[in-house]
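This is the structure, below, for whatever I ask next.
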Amino acid sequence: MTVLQVEGLQTHFFTDAGVVKAVDGVDFSLDEGEVLGLVGESGSGKSVTGFSILRLVDPPGRVVGGHIMFRGQDLAQLPESEMRRLRGNRIAMIFQDPMMTLNPVLRIDTQMIEAVRAHERVSAKAARDRAISALAKVGIPSPAERLGAYPHQFSGGMRQRVAIAIALLNGPDLIVADEPTTALDVTIQSQILAEVQDLARDTGTALIWITHDLAVVAGLADRVAVMYAGRIVETGPTDAVLAGPDHPYSVGLLGSIPGHGQRGQRLAQIPGMAPNMADLPPGCAFAPRCFRADARCRAEAPEITVRGSGGRLRCHHPMSAGEVAT
Amino acid sequence: MTGMPAPEPSRGWSADSLPWLLAGLMGVSTLALVAGPGWSSLPARVLLLLGFIALAAHLLRGKGRQFFNGPVAYLAAGSLLLLVVLALFASEIAPQNPYDLRQLDIMDGRLPPGSTTFDGAMTYRLGTDEQGRDILSGILYGLRVSLSVAIVATLVAMAIGIVVGIYAAWAGGRTEAILMRLVDLQLSFPSILVALMLMAAFGRGLDKVVIALIIVQWAYYARTVRGTALSEARKEYIDAARGLGLPVRRIIFRHLLPNCIPPLLVISTVQIANTIVLESSLSFLGVGVPITRPSLGLLIANGYDYMLSGQYWMSMYPGVALLAIVASINLVGDRLRDTLNPRLRR
Amino acid sequence: MLVYLLRRIAQSVFVALAMMVIVFFGIYMIGNPVDILISPDATPREIEETMARFGFDQPIHIQFFTFVGNALQGDLGRSFVHGESAVTLILHYMPATLELAALGLFFSILIGVPLGVYAGYKSDRWQGRAIMTGSIFGFSLPNFWVGMLLILIFAVELRWLPSTGRGDTVEVLGIRLSIFSENGLQYMILPALTLALYKASLVTRLARAGTQEALVQDYVKFARAKGVSETRILFVHVLKNIMIPIVTVLGLELGSMIAFAVVTETVFAWPGMGKLLIDSILTLDRPVIVAYLMMTVLIFIVINLVVDIVYTILDPRVRLTGGST
Ligand SMILES: Nc1ncnc2c1ncn2[C@@H]1O[C@H](COP(=O)(O)OP(=O)(O)OP(=O)(O)O)[C@@H](O)[C@H]1O
Ligand SMILES: [Mg+2]
């Protein structure tokens, strides 16, 4: 059953330097228990997409268009008070930097109990018990004692576990995880990945996993969406996209993972610079960096085409169509 | 880049040392007015007003729009200008010379606002005090005393602070440590307490108040200037100047000072307001200016005894004038700080 | 931590000694105290006797050491006017000032923190700007002026509160305090408000800056993502973070509060040590002035130490790592 359906989402930042179209027409949908990997290079609008779903975009940013259908309600139209009731309750979010997400001067129990009591009238005791079991679930030893600690008494990995535990507290239908493991070292990263995967499977929680690391996506996600300059340029089942990427940008992204291509070869790089989001080219945003781009790419932005594998693509010259005749 | 001296900054002697010159000029003419020929010289006062306006215009060159960002800024700047004009030309504007005892009539004592003299020749718009002095005239002359005391004290303190601060920064080592300890020690005590003690030792008097207010403030400037001088000295162009083999004196006067002064002027705006408040507090407590030259604070104190019996005007109107001058200086200072120097915040 | 504390105490002792020197040479050496001790028509012999009695005939350095020696034993001389020991006199008037300053501090937090937090929350709206402009007026209003206005409004016009004096007191641990008696508290409200206004502006500015800074932190966004209400975010998450610098600054300001009480006490005829100081200055009662100064220095030193300790308690990061920066 579909948990979330995003259609034509547009989130713009109205800065002094001009309108930054950080997210400009994003569509995707997500079923119960499904894990969507949202990948793309820095600045492509992944985080803004995540925050838009929770309606937590910082000013001067605003969701200016599209629908965010969550269990039949359009979040883009929901009044703030009802949105607050969904946040942390039906939709939870985990942030990138575990060192910054917990309030340094409040104890862990305060920060966990308030997350429960913001949504349910339960006793402090009951909320506390729920916090203890959530901490145990994410693998924090002797959780009852650790509850009384302050964030700085935890390591980075432990803090991220606490943040994940907070996200799990109210058994949400959807968790948006914004690069939750990027700041952690590799062993802890894989531990947390395994745990989260189990949790999603057990509870049927849908998961949006934002990352720029395709290796993470390969092991975790059911589907993958590749973002470039505020748009999803390619999406499809993870295996299909990783095995045969159709968008030249996806090819470049895959090529720049060490170890994925042939050994001994030079690490492939996407040539050129990430685009200036306040001043995008008229046609396909990737055209200036694309080795397949032609005049049409520079003039007209490609529409979405549905692929046979169930994937969707925005490209005039997909890779599987063979080399373009010149 | 290394080894190549950076080109000397294009702002030369003329542009950036102007406020410095102007401030000095205004200080001197204020000093002359207070201590020298007195307030009788009209040209000196006109010059002072022009200097004041030129200084403000110079500080705000090219940033006027930023400064005047709303009605409050216009109001504050306008009322400040008005009050300065009133103070400067008090002797021309005031209906009475409150220092001239022959003009006072004790029979007209404590008249409410709007009363007229017996012969109807003059209306006391804001009433009179117990000696029959016109409150409005008292306020205009008091404004002059309050403003001039504060401005002179602040400018002299600033000059001393600049010398000490730059000297400390330049000397370094033990000299710097001792000077700065002294500064810290003094600044750890509230200014009102220090001023009170000084006045207790000196006794009341116009010159004594000014001296006390200078002693209270210099340390603050010394600390600020030393900080600025150290950070400016670290900047590239000082190195460049050194690399060119410029003598120390030239570096100080052509590079350090022009960069220290504008932020100092911003600080001193607010500092003048603080000094007015401090002086008025001292005078209110009876240890400030002498009764023959009442400032706004002393006027308020004089009327205070009658306030509880409902004769509010003797204290109230000088109080309103005091609030107006202090608030407009503070508001202007706040805008100046925002406009010219966002990093200097209270 | 202990090392740090010891170093702080050593510094404080140095400040106290430095102040002794300054106070002695500053106050004792200016003018001739004998002039006010004896009548103008006293014989030279009488003058000499008095000089000898107070030790004024000794060389300066001897006088200084006598002064320091006595001071260390808690003796700062006798009041010329009251005939009592100056220290006893100050101690007698001190509680009234301290309770006034404490209530003033409380008022300034009560007024300043909510205003500042709100101004920070609405920093680019008119509400925030209005509060900030208002705080400039708070800085601009001289202490005695505010007191005067409050008396005029609340005592003379509205007759809600008494104008001047101290009212009833209750004896607590041998100290007479107004704050615990209803009548006494009524007398305290106006002077305490007067004293609080300037600091309230300061607190407003601090709280606004802190709030603005805290609101863009990730932990606030995360709290929002948890569904926590805006009120709770402001008054738990933000407030807890900004209280640390505010308490530190205010603690240090308690000293200046005591100093400014001089003006407030004069306006309200509040019988505290500030009023005592002014009266002593006007009557040239030197021992009392000196005693006041030395006691104030002591109070400052104690305040600074206490603030450091409170700071440590408030900030769990400092407390647990044991370091302090
Ligand atoms: N507060 C803001 N003001 C203006 N522009 C913003 C703001 N926040 C984000 N943007 C713009 O939105 C674009 C997308 O940002 P976003 O944080 O979503 O990138 P991202 O894909 O998450 O990158 P990263 O991998 O670095 O986290 C950026 O190019 C940036 O220019
Ligand atoms: Mg991001």
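The values are calculated or read from the model by the stated rules, or taken from the named source; none is laboratory data. Here the structure is a predicted model, which is why all the values come from computation and not from measurement. Cβ atoms come from the backbone with ideal geometry, glycine included; neighbour counts cover every protein chain shown.
Looking at (1) hydrophobic (A, V, I, L, M, F, W, C); (2) over 25 Å from A:ARG223 (Cα atoms); (3) more than 14 Å from ligand 1 (Cβ to nearest atom), can you tell me which one A:VAL19 breaks?
(3)
Being small (Gly, Ala, Ser), outside any helix (DSSP H, G or I) and either within 16 Å of ligand 2 (Cβ to nearest atom) or under 28 Å from the mean Cα position of the chain (by Cα) (or both), is that true of even one residue in the range A:122-139?
Our first condition is that a residue be small (Gly, Ala, Ser); within the range A:122-139, this holds for A:123-124, A:126-127, A:131, A:133-134, A:136, A:139.
The next check asks that each one be outside any helix (DSSP H, G or I); those that pass are A:123, A:139.
Now restrict to residues that are either within 16 Å of ligand 2 (Cβ to nearest atom) or under 28 Å from the mean Cα position of the chain (by Cα) (or both): A:139.
Looking for residues that are small (Gly, Ala, Ser), outside any helix (DSSP H, G or I) and either within 16 Å of ligand 2 (Cβ to nearest atom) or under 28 Å from the mean Cα position of the chain (by Cα) (or both), one finds at least one in the range A:122-139, hence yes.
Please work out which residue is farthest from the other protein chains (Cβ to nearest Cβ), limiting yourself to the range A:188-213 and to residues that are within 16 Å of ligand 2 (Cβ to nearest atom) and not in a loop (DSSP other than H, G, I, E, B).
So the first thing to find is which residues in the range A:188-213 are within 16 Å of ligand 2 (Cβ to nearest atom), and the list is A:208-213.
With the extra rule that they be not in a loop (DSSP other than H, G, I, E, B), the set shrinks to A:208-211.
Values: A:ILE208: 13, A:TRP209: 16, A:ILE210: 14, A:THR211: 18 Å.
Applying the filter and picking the extreme gives A:THR211.
Scan the range B:277-309 residue by residue and report those that are part of a loop (DSSP other than H, G, I, E, B) and facing chain C (nearest Cβ under 7 Å).
Within the range B:277-309, B:GLY286, B:VAL287, B:LEU308 meet the criteria.
Conditions (1) at pLDDT 85 or above; (2) over 28 Å from C:THR211 (Cβ atoms); (3) touching an Asp or Glu at 6+ places or on another chain (Cβ under 6 Å); (4) among the aromatic types (Phe, Trp, Tyr), marked per residue:
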residue: A:THR101; (1), (2), (3), (4): yes, no, yes, no
residue: A:ILE108; (1), (2), (3), (4): yes, no, no, no
residue: A:VAL122; (1), (2), (3), (4): yes, yes, no, no
residue: A:ALA127; (1), (2), (3), (4): yes, no, no, no
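For C:VAL113, are the conditions met, namely being over 18 Å from the mean Cα position of the chain (by Cα), exposed (fewer than 15 other Cβ atoms within 10 Å of the Cβ) and in a helix (DSSP H, G or I)?
no
Separate question: For the range C:165-178, check the following and say yes or no: at least one residue is more than 23 Å from the chain's Cα centre (by Cα), more than 10 Å from every other protein chain (Cβ to nearest Cβ) and of a type in the set (D, E, K, R). Steps first, answer last, please.
Residues of the range C:165-178 that are more than 23 Å from the chain's Cα centre (by Cα), as a first pass: none.
No, because not a single residue in the range C:165-178 is more than 23 Å from the chain's Cα centre (by Cα), more than 10 Å from every other protein chain (Cβ to nearest Cβ) and of a type in the set (D, E, K, R).
Name the residues in the range A:10-26 that are away from ligand 2 (no atom under 16 Å from the Cβ), among the hydrophobic types (A, V, I, L, M, F, W, C) and in contact (Cβ under 8 Å) with a residue 60 or more places away in the chain, would you?
A:ALA17, A:VAL19, listed by residue number.
Considering only the range B:169-192, state which residues are touching a helix residue (DSSP H, G or I) at 6+ places or on another chain (Cβ under 6 Å), crowded, with 20+ Cβ neighbours inside 10 Å and either modelled with pLDDT under 85 or of a type in the set (Ser, Thr, Tyr) (or both).
Of everything in the range B:169-192, those that are touching a helix residue (DSSP H, G or I) at 6+ places or on another chain (Cβ under 6 Å), crowded, with 20+ Cβ neighbours inside 10 Å and either modelled with pLDDT under 85 or of a type in the set (Ser, Thr, Tyr) (or both) turn out to be B:ALA169, B:PRO190, B:SER191.
Here is a follow-up. Taking into account only those residues within the range C:271-296 that are assigned to a helix (DSSP H, G or I) and among the β-branched types (Val, Ile, Thr), which is surrounded by the fewest Cβ atoms within 10 Å (Cβ to Cβ)? Even if it seems obvious, please write down each step before you answer.
Keep residues of the range C:271-296 that are assigned to a helix (DSSP H, G or I), which gives C:273-282, C:286-296.
Add one more test, that the residue is among the β-branched types (Val, Ile, Thr), and what stays is C:278, C:281, C:288-290, C:296.
Numbers: C:ILE278: 19, C:ILE281: 22, C:VAL288: 30, C:ILE289: 25, C:VAL290: 25, C:THR296: 23.
Result: C:ILE278.
Still on this model: In the range B:312-336, which residues are within 11 Å of chain C (Cβ to nearest Cβ) and not aliphatic (A, V, I, L, M)?
Answer for the range B:312-336, where residues must be within 11 Å of chain C (Cβ to nearest Cβ) and not aliphatic (A, V, I, L, M): B:TYR312, B:SER315, B:PRO318, B:GLY319, B:SER328, B:ASN330, B:GLY333, B:ASP334, B:ARG335.
While we're looking at this one, here's another question. Among the candidates A:VAL57, A:VAL63, which residue alone is within 16 Å of ligand 1 (Cβ to nearest atom), touching a strand residue (DSSP E or B) at 6+ places or on another chain (Cβ under 8 Å) and within 14 Å of another protein chain (Cβ to nearest Cβ)?
Values: A:VAL63 fails: within 14 Å of another protein chain (Cβ to nearest Cβ).
One residue alone meets the criteria, A:VAL57.
Got at least one residue in the range A:171-187 being in contact with a Gly (Cβ under 8 Å, 6 or more places away or on another chain), at pLDDT 85 or above, within 16 Å of ligand 2 (Cβ to nearest atom) and within 14 Å of chain C (Cβ to nearest Cβ)?
The answer is yes; a qualifying residue exists.
Can you confirm whether A:PHE51 is aromatic (Phe, Trp, Tyr) and outside any strand (DSSP E or B)? Step through it out loud before you land on a result.
Details: aromatic (Phe, Trp, Tyr): yes; outside any strand (DSSP E or B): yes.
Yes, satisfied.
Tell me, which residue of the range B:185-229 that is under 21 Å from the mean Cα position of the chain (by Cα), in a helix (DSSP H, G or I) and among the small types (Gly, Ala, Ser) is nearest to C:LEU284 (Cα to Cα)?
Within the range B:185-229, the match that is nearest to C:LEU284 (Cα to Cα) is B:ALA195.
Something else about it: Output yes when any residue across the range A:95-107 is touching a strand residue (DSSP E or B) at 6+ places or on another chain (Cβ under 6 Å), touching a residue at least 40 places away in the same chain (Cβ under 8 Å) and within 16 Å of ligand 1 (Cβ to nearest atom), and no when none is. Break it down stepwise before answering.
Looking only at the range A:95-107, we keep the residues that are touching a strand residue (DSSP E or B) at 6+ places or on another chain (Cβ under 6 Å), and these are A:95-96.
Those left that are additionally touching a residue at least 40 places away in the same chain (Cβ under 8 Å): A:95-96.
If we keep only those that are within 16 Å of ligand 1 (Cβ to nearest atom) too, we end up with A:95-96.
Yes; the residues of the range A:95-107 include at least one that is touching a strand residue (DSSP E or B) at 6+ places or on another chain (Cβ under 6 Å), touching a residue at least 40 places away in the same chain (Cβ under 8 Å) and within 16 Å of ligand 1 (Cβ to nearest atom).
Take B:VAL145 and tell me if it is out of contact with any helix residue (DSSP H, G or I) (no Cβ under 7 Å at 6 or more places or on another chain), at pLDDT 85 or above and buried (at least 23 other Cβ atoms within 10 Å of the Cβ). Spell out the reasoning first.
Working: out of contact with any helix residue (DSSP H, G or I) (no Cβ under 7 Å at 6 or more places or on another chain): yes; at pLDDT 85 or above: yes; buried (at least 23 other Cβ atoms within 10 Å of the Cβ): yes.
So B:VAL145 passes the test.
While we're looking at this one, here's another question. Just to verify a result, which residue in the range A:40-54, among those that are more than 6 Å from ligand 1 (Cβ to nearest atom) and modelled with pLDDT of 90 or more, is surrounded by the most Cβ atoms within 10 Å (Cβ to Cβ)? Outline the logic, then answer.
Residues of the range A:40-54 more than 6 Å from ligand 1 (Cβ to nearest atom): A:41, A:49-54.
Among the residues that remain, those that are also modelled with pLDDT of 90 or more are: A:49-54.
Values: A:THR49: 28, A:GLY50: 24, A:PHE51: 23, A:SER52: 26, A:ILE53: 21, A:LEU54: 22.
By that ranking, first place goes to A:THR49.
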